[in-house]
């Protein structure tokens, strides 16, 4: 039977039980969100002892299915004040599944003032004081210290200096197969982990078997069909493997939806200097890797190894959103400078979207000049030093906006708005406004249908069809986030019906179920219902489902505004 | 007919109209809150162009009635995100009434980046660029500059450096009859004024007559009875005139409700060093004034002139709450140091409660040591410099808590909890939790009945009777805040029935009305209804009507906890 492990950080008592009945049919985001909605006091302080941090792999995590490597992390968010699920690649989730651990829950707060490494093996859970040198250390080096101590293959979940400081943009970092860094990035979950005095969780699956499959043949057959869908679709089979997510810079710039200079315009004339094509050329010229998977079994391989001028590894998981936020929104046309910043975000352990958007807000405030790469890097380095300015920046875009008295602050529910202007890509604007997560493109990626023409086409500049698009994608995404699949599989299954069917067939084959497409939709709806119910009890209402008022300004080149009524916005999640 | 003046700071268009029908029967808080609820978009950014700042004197402001000098200021609060009414003494409100100005509303935001002085005379409203030297200047000196330019007797409303920086604890300062400083302190209204680029509003009532009174004889007679009540009651007739509000230090310490070391305990052994008796002795020894009124016609005279060791004026309006926050809660046993801090709060223009509580939170965070007077003053001076640390502190206790990752942060709706421990003075705890204003003792001062035995007695440590007490006081206070009366008159009218009747009679005599006590109660309820309706639309729900969870810890010496259920708390404003 799958194990459900509760770790009390105050008493150090560990309870390993069979999965409680009410969570039995759930995994990934479905499990973390249902758990948080059920068991976390909605009105609690996110850094107080009532909050709980849960890790749960998805239905298929750790199986041989392509791209099934995701781990969901959940808690009440210190950034938004609402529920948070943030998922990540890396090796941690797959090891949990192989060890038949359905979820690990961290509860309470130690009385003593020291950091712990929580170790999980087939023998159970134990606690070590964190090695002194890891405190305040960058994540790359700290992972090395832990893997030297606990074994080179252990999975690692770790907080950096930002998590130790409990900053609201602090993330949880996870070692990937090359011991580089993947992140459960958004919403400040690293601060929750830091509040519980957990520097790291290491997981050693020595002695674990394979993930149990109820019907091996059916699984194999479905898995093959699923793989075919991924390799056939142009986005997952060609675009992402070749250029990574950063292929989007030129596409969004062309579409007029690449937010530039703190969302003043949707197009700029230096986009190509920072785009995916330029990045791929540079990576090849410097002997890096243009394609690379963040977990075992990934066949999309949208990550990369970006080397510095000397050919030395600098960063990976160097995403479009980070490049956009510094490159377009903060007007920095220097891809190397952005790569150094991306590395530092991983080292210090912060959400690269929220803090990179915060850099743009800092420019808006006049703290540093627009487009100044050197000043931006210096500013970002303040976080690790724990200076007041670093703490403000590491608390995210909303915090910079508050401390500097600005109203032009691109956030929803205090979480930074990502890389697609909501006026020019209206479907994703509705997602930003209404997802229970705070502004989050991944919660209902209408960019796919608005811009990439995946899953049909809805005119990005018009209102027609956008409400339904955002609603359906949010429902589908909640379900996909429960499967353990990378969200990018959605490109393929939105267009290729057999890919979607194969995904459902794999889940059925693994668990001996007979779920239908309708069941998947109902799962997605139920997850969103639980999340919204938590948020309501936490004090988030429709009034928080609003974009900042500055989006009433026209956005060039299409001169579009955010023109949905409150009633239209409120109809998105009307079930 | 009373004038209702709207000032558009973008176009500089001024509209002077008769008071709109729907505001005709309202004044003071009743007018500001109804106006904000009706005309400010509840979901707007408080520093954006949709917010509006309104000044309105009360029903009796500017009459010959004792203690009728208050001016209400209202807007959407940048601190709480909800509605805000903050009222003040000084000369401004009385001049407005004499000029028959019912309200002044400031709307919109200038496109140009410069500060204005808005000048109001009997001839109308005009705009000057603010004198360059006043920008960044402390309020005492800036008021001198303005009174040198506009006349020594003009009323002045001004923001200090904190308001220019649009910090969420920035207040609006008002010159009193001696050109010292009174404040509309709470909720960041100075940031709203700063966002509208108004450095100051000067009002010159040259040519104005007296406030019109419908029935002069009835007014005189009622006024006399009212004065008798004030001079007869021990609190308004003796305690406050003799020692000021700081008389409360020893009283609350004795009661075990003086929050000490960031609300760790309710009693300490250095209270007498900072109490009202010690303060009065020191003031006398240094040739200051132990009693002084903040507006013409005050007969309670709870203010004072506190001089430094050289006998030079240092500060006035040196209140119990400020002395408590630094003296007990931040453990600073040096009254002179607290006085220097109080002066700086007035100079830089911040709420002395929120920022002084923030100093305690900064000690909690380890930024400076507990009780370190020198370090506290240095820290407070950072605000004026506009450093990142100063901006954090000047944004209030909640901001310090967020940037330093703390959960022990004494705020409700992000506004700092004042000087009475809610566990040991439970009635005021219910007020903190439920008032639409964010934690505010003045919104329903149950301390009166819990501790001072005014208006009867309700055991401060028990739950019985507290819900009704807080409810009734909140209703009465909303009405009193509409009269233009200093809230301290409530001590007298709670105990002396004829004092209350005289107050109603004065309002009737002024306007030719025949209001009853029931009408006054209904007025109070309607104000609270309007405020709660605004807050609901702004996204504040019952989930925000909660004290921080650390109040579940026991508070010595009575070892009491905050033990109201959510249902009990939610029943306070159940009408």
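Checking each residue in segment B:59-108 for being within 16 Å of residue B:193 (Cβ to Cβ), in a loop (DSSP other than H, G, I, E, B) and touching a helix residue (DSSP H, G or I) at 6+ places or on another chain (Cβ under 6 Å) picks out only B:78. What about residue B:569, is it within 14 Å of chain A (Cβ to nearest Cβ), under 25 Å from the mean Cα position of the chain (by Cα) and either under 30 Å from residue A:543 (Cα atoms) or part of a helix (DSSP H, G or I) (or both)? For residue B:569, the condition - within 14 Å of chain A (Cβ to nearest Cβ), under 25 Å from the mean Cα position of the chain (by Cα) and either under 30 Å from residue A:543 (Cα atoms) or part of a helix (DSSP H, G or I) (or both) - is met. Residues in segment A:119-140 that are assigned to a loop (DSSP other than H, G, I, E, B) and in contact with a strand residue (DSSP E or B) (Cβ under 9 Å, 6 or more places away or on another chain): A:130, A:131, A:135. All of A:512, A:484 fail the test of being more than 14 Å from every other protein chain (Cβ to nearest Cβ), at positive phi and out of contact with any helix residue (DSSP H, G or I) (no Cβ under 6 Å at 6 or more places or on another chain), apart from A:512. When you look at residue A:332, is it surrounded by fewer than 17 Cβ atoms within 10 Å (Cβ to Cβ) and farther than 14 Å from residue A:246 by Cβ, yes or no? Spelling it out, it is not the case that residue A:332 is surrounded by fewer than 17 Cβ atoms within 10 Å (Cβ to Cβ) and farther than 14 Å from residue A:246 by Cβ.
Matching residues to (1) surrounded by 21 or more Cβ atoms within 10 Å (Cβ to Cβ); (2) farther than 30 Å from residue A:399 by Cβ:
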| site | (1), (2) |
| --- | --- |
| A:217 | no, yes |
| A:225 | no, yes |
| A:229 | yes, yes |
| A:233 | yes, yes |
| A:240 | yes, yes |
| A:246 | yes, no |
| A:251 | no, yes |
| A:259 | yes, no |
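Would you confirm, using the coordinates I've provided, whether residue B:522 is within 14 Å of chain A (Cβ to nearest Cβ), at pLDDT 95 or above and surrounded by fewer than 17 Cβ atoms within 10 Å (Cβ to Cβ)? Spelling it out, it is not the case that residue B:522 is within 14 Å of chain A (Cβ to nearest Cβ), at pLDDT 95 or above and surrounded by fewer than 17 Cβ atoms within 10 Å (Cβ to Cβ). For segment B:537-552, the candidate set comprises residues that are touching a residue at least 12 places away in the same chain (Cβ under 8 Å) and in a helix (DSSP H, G or I); within that set, the residue that is farthest from the other protein chains (Cβ to nearest Cβ) is B:551.
Residue-wise test of (1) buried (at least 17 other Cβ atoms within 10 Å of the Cβ); (2) under 30 Å from residue A:409 (Cα atoms); (3) touching a residue at least 60 places away in the same chain (Cβ under 8 Å).
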| site | (1), (2), (3) |
| --- | --- |
| A:281 | no, no, no |
| A:286 | yes, no, no |
| A:296 | no, no, yes |
| A:304 | yes, no, yes |
| A:308 | no, no, no |
| A:312 | no, no, no |
| A:319 | yes, yes, yes |
| A:322 | yes, yes, no |
| A:325 | yes, yes, yes |
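The one condition from (1) facing another protein chain (nearest Cβ under 8 Å); (2) buried (at least 24 other Cβ atoms within 10 Å of the Cβ) that residue B:422 does not meet is (1). Restricted to helices (runs of 4 or more DSSP H) entirely inside segment A:335-415, those with at least 3 residues that are buried (at least 21 other Cβ atoms within 10 Å of the Cβ) and more than 9 Å from every other protein chain (Cβ to nearest Cβ) are A:335-348, A:352-364, A:373-385, A:397-403. Taking the criterion of being within 20 Å of residue A:183 (Cα to Cα) and either in the same structural domain as residue A:426 (by TED's automatic domain parsing) or in contact with a strand residue (DSSP E or B) (Cβ under 6 Å, 6 or more places away or on another chain) (or both), the residues of segment A:266-302 that qualify are A:289, A:290, A:292, A:294, A:301.
Here is a yes/no grid of residues against (1) surrounded by fewer than 22 Cβ atoms within 10 Å (Cβ to Cβ); (2) at pLDDT 95 or above; (3) more than 18 Å from residue B:419 (Cβ to Cβ):
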{"position": "B:518", "(1), (2), (3)": "yes, yes, yes"}
{"position": "B:538", "(1), (2), (3)": "no, yes, yes"}
{"position": "B:550", "(1), (2), (3)": "yes, yes, no"}
{"position": "B:554", "(1), (2), (3)": "yes, yes, yes"}
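Restricting A:325, A:337, A:397 to residues that are touching a helix residue (DSSP H, G or I) at 6+ places or on another chain (Cβ under 7 Å) and either assigned by TED's automatic domain parsing to the domain that holds residue A:441 or under 21 Å from residue B:389 (Cα atoms) (or both) narrows the list to A:397. Checked against (1) closer than 16 Å to residue B:434 by Cβ; (2) within 25 Å of the chain's Cα centre (by Cα); (3) touching a residue at least 60 places away in the same chain (Cβ under 8 Å), residue B:529 passes all but condition (3). If the condition is being within 14 Å of another protein chain (Cβ to nearest Cβ), surrounded by 24 or more Cβ atoms within 10 Å (Cβ to Cβ) and farther than 18 Å from residue A:536 by Cβ, then segment A:39-78 contributes A:47, A:78. Residue B:491: in contact (Cβ under 8 Å) with a residue 12 or more places away in the chain and within 14 Å of another protein chain (Cβ to nearest Cβ), yes or no? Criteria not met by residue B:491. Taking the listed residues A:56, A:42, the one that is part of a strand (DSSP E or B) and under 23 Å from residue A:10 (Cα atoms) is A:56, with no other qualifying.
The values are calculated or read from the model by the stated rules, or taken from the named source; none is laboratory data. The model shown is predicted, which means the values in this text are computed figures rather than measured ones. Cβ coordinates were reconstructed from backbone atoms using ideal geometry, including for glycine residues, and neighbour counts include every protein chain displayed.
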